[in-house]
Amino acid sequence: MDGIHIQTHSDMGIQEEFYQNSYRMKPNDNEKFNKLEVEQKIEELLKSELESYEYDANTSINRSKEISAKVLDSLKKMNYPRYKFVVQTTITSSSGQGIRVASRFLWDPSTDNYATAVYKSVSIFISLFY
């Protein structure tokens, strides 16, 4: 148990245990978010999920939610403790137009990070920010 220390003492034959607070504000150095590893894993997931997907405005909302949920599950399986993940997925048709996607967060540069992934095909453009 990391951070928990048990002290016992005996006073008149009674044994008591005292637990110190184990709450940490930041992850350990070996638990920090690895941007490259995450981007590679999510790009593989996007490729496997979207190889045969054709853009359809009616189904892209649900497909975007499904992809976000799968990415979030994949991130949780990577066992980064003390991180909250936010996944933003944008699906548009790939018909020659431009797109800009932006987000704003409160940030601690010593622990916070982000990763992005883009998937392009003939009919779709998907941008992920997590």
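The values are calculated or read from the model by the stated rules, or taken from the named source; none is laboratory data. These figures come from a predicted structure and were not determined experimentally. Side chains are part of the model used for accessible areas, which takes the heavy atoms of the whole protein and leaves out ligands, DNA and RNA. Shrake-Rupley method; radii C 1.70, N 1.55, O 1.52, S 1.80 Å.
Details
- Taking Arg63, Arg100, Arg24 and ordering them by how much accessible surface each has at a 1.4 Å probe, largest first, produces Arg100, Arg24, Arg63.
- Solvent-accessible ranking of Asp108, Asp29, largest area first, probe 1.4 Å: Asp29, Asp108
- Straight Cα distances below 21 angstrom link Lys47 to the lysines Lys35, Lys65, Lys70, Lys76, Lys77, Lys120, with same-chain residues fewer than 8 positions distant left out.
- Accessible surface for the stretch 34-115, divided over its residues, is 71 Å² per residue with a 1.4 Å probe.
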